[in-house]
Amino acid sequence: MSYTRALRCRKCGQEYPIKPINLCDSCLSALEVSYDYEAMRKAVSREKIAGGPHSMWRYQDLLPVEGEVIDIGTGFTPLVKADNLGAELGLDQLYIKNDCVNPTYSFKDRPVSVATTKAREFGFRAIACASTGNLAASVAAHAAKAKMPAYVFVPHNVEPGKLIGAAIYNPVLITVNGSYDDVNRLCAEVAQKYNWGFVNINLRPYYAEGSKTLGYEVAEQLGWRAPDCVIHPAASGLSFTRIWKGLGELAMLGLVEQVNTHMFLTQAAGASPIVTAFQAGTQHVLPVKPDTIAKSIAIGNPADGYYALQVARQSGGGACAVSDEELIAGMKLLAQTEGIFAEAAGGAVIAALKNLAASGAIKRNELTVAFITGAGPRTQETVADMVKPFTVQPSLESFEEIVGVRV
Ligand SMILES: Cc1ncc(COP(=O)(O)O)c(C=O)c1O
Ligand SMILES: [Zn+2]
């Protein structure tokens, strides 16, 4: 039993029944799931959640699904107090939400678990997605678990680790000669013609809700309080908006006292249309042609850019772009201070955090959560320059001659 009420247009407010649709007929804006919060409030409590499974599904009452879920063990990931990194950056209360340790190594398992559950509820024969890399693996894995066929579309230049990471689950894997924005356009056409559940197209309103669990989990792990500051990488901008929605719901349901969280987003400078709009003070996110090694967040025409911009502004947060050099340095700094190997999107988070702390936009005493949304081993090539081993003969003499005693 769920507390889902309707789909609601984010712009004109028109309501639609719970169906696999994502755009408003009247104004073509995005649809969002709305709930009966009165009824939900009576059903949920901190204690009930604490007694739930050690996965994102402990928050099932706050998610738009009806029955049995497709769960590959997603969520309940560590929130690590990052004292070493905090000391480097001048932040006394820094936490890392390590979502690298999800089953397919990125936070995408959260939205996909909800979307594939919904695909089965709606009776789709196949599950599909347009992906920058991480989503492909997640959709393929969930389809395997659900025993459904999967069609995953990625740009032709996706990193080898991401291709293999999807291929292992044996989906129909399609590489498209074009950018992610081209992949997305093609998938919108395919979705019109074929009766498949595209997790980030016709199932997008449900898919989006899965990212709320990032906000819920962090608040619960902090002893039921919202952070002062959050920093998260934005591609389409969708998950950033849903972390904000999730925190707001906790306050509405009386699970946290208040939410005064400043929401900061980061993008790679080579694909930063949301940051550009933020800095220009406009409402319009103008499309760009992506050019960055951070391929998982290389979206030139972000579907939820407008809403992400609003969240950054309304929450008193911000938006920060970082160069490829900065984000690579961010990956190394995170690994070498906290022992966490993030992919390029995580490097962008750390690099942006460094800039925001240095400029005083995030203050030393503010409780800050940095979301690390994808794992490094999938994009190893970005930091291959770190491999500089000493090569020795298998003798003590050779070891001492070449390496020497260093401590
Ligand atoms: C690792 C990682 N972080 C963040 C994002 C951003 O997601 P969104 O499109 O919701 O902004 C993505 C998107 O693919 C991703 O792969
Ligand atoms: Zn509308």
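The values are calculated or read from the model by the stated rules, or taken from the named source; none is laboratory data. Since this is a predicted model, take the numbers as computed values, not measurements. All Cβ positions, glycine included, derive from the backbone under ideal geometry; neighbour counts span all protein chains shown.
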(1) closer than 18 Å to Y206 by Cβ; (2) outside the structural domain of A188 (by TED's automatic domain parsing) all hold for G90 apart from (1)
Tally the residues that are buried (at least 17 other Cβ atoms within 10 Å of the Cβ) and within 17 Å of A137 (Cα to Cα), restricting the search to region 174-186. 5
Which of the residues spanning region 136-192 are in a strand (DSSP E or B), closer than 18 Å to A298 by Cβ and not aliphatic (A, V, I, L, M)? F153, P155, T175
Considering only region 302-388, give the helices (runs of 4 or more DSSP H) lying wholly within it that have at least 1 residues that are within 19 Å of G133 (Cβ to Cβ). 324-338, 344-359
Is there a residue being more than 16 Å from ligand 2 (Cβ to nearest atom), in contact with a Lys or Arg (Cβ under 6 Å, 6 or more places away or on another chain) and over 30 Å from N355 (Cβ atoms) anywhere in region 20-36? yes
Contact list please: Cβ distance under 8 Å, first residue in region 265-286 and more than 13 Å from C320 (Cβ to Cβ) and in contact (Cβ under 8 Å) with a residue 12 or more places away in the chain, second residue of a type in the set (F, W, Y) and in a strand (DSSP E or B), pairs at least six apart or on different chains. none
For F76, which of the numbered conditions (1) under 15 Å from the mean Cα position of the chain (by Cα); (2) surrounded by 24 or more Cβ atoms within 10 Å (Cβ to Cβ) fails to hold? (2)
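Condition check ((1) more than 21 Å from V33 (Cβ to Cβ); (2) in contact with a Cys (Cβ under 7 Å, 6 or more places away or on another chain); (3) of a type outside the set (S, T, Y)) across all residues:
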| position | (1), (2), (3) |
| --- | --- |
| V190 | yes, no, yes |
| Y194 | yes, no, no |
| V199 | no, yes, yes |
| Y206 | no, no, no |
| L214 | no, no, yes |
| P227 | yes, no, yes |
| S239 | no, no, no |
| I243 | no, no, yes |
| G246 | no, no, yes |
Among (1) crowded, with 19+ Cβ neighbours inside 10 Å; (2) more than 23 Å from F122 (Cβ to Cβ), the one test that E32 misses: (2)
Are any residues in region 382-399 away from ligand 1 (no atom under 16 Å from the Cβ) and either touching a residue at least 60 places away in the same chain (Cβ under 8 Å) or acidic (D, E) (or both), and if so, which ones? D385, E397
Residue among S106, S131, S138 that is within 25 Å of P377 (Cα to Cα), away from ligand 2 (no atom under 16 Å from the Cβ) and in contact with a Phe, Trp or Tyr (Cβ under 8 Å, 6 or more places away or on another chain): S131
Flag if T117 is more than 26 Å from G300 (Cβ to Cβ) and either in contact with a strand residue (DSSP E or B) (Cβ under 7 Å, 6 or more places away or on another chain) or of a type in the set (S, T, Y) (or both): yes
Starting from region 234-255, keep only residues that are among the β-branched types (V, I, T), then list their pairs with residues that are near ligand 1 (Cβ under 8 Å from one of its atoms) whose Cβ atoms are within a distance under 6 Å, requiring at least 6 positions of separation or different chains. T241/D304; T241/A308
Taking region 1-40 as the region of interest, how many residues are closer than 25 Å to V69 by Cα, among the charged types (D, E, K, R) and either touching an Asp or Glu at 6+ places or on another chain (Cβ under 8 Å) or more than 16 Å from ligand 1 (Cβ to nearest atom) (or both)? 5
Pairs, first more than 10 Å from N134 (Cα to Cα) in region 154-167, second surrounded by 22 or more Cβ atoms within 10 Å (Cβ to Cβ) and of a type in the set (A, V, I, L, M, F, W, C), C-beta under 7 Å, six or more apart: P155/V183
With the requirement that a residue be assigned to a loop (DSSP other than H, G, I, E, B) and either buried (at least 19 other Cβ atoms within 10 Å of the Cβ) or touching a Lys or Arg at 6+ places or on another chain (Cβ under 8 Å) (or both), what does region 118-135 give you? F124, S131, T132, G133
Hey, could you check region 226-244 for residues that are buried (at least 24 other Cβ atoms within 10 Å of the Cβ) and in a helix (DSSP H, G or I) and say which is farthest from ligand 1 (Cβ to nearest atom)? W244
Is it the case that some residue within region 79-86 is over 29 Å from T368 (Cβ atoms) and modelled with pLDDT of 95 or more? no
Examine region 272-294 for a residue that is more than 16 Å from ligand 1 (Cβ to nearest atom) and closer than 26 Å to R58 by Cβ, and state whether such a residue exists. no
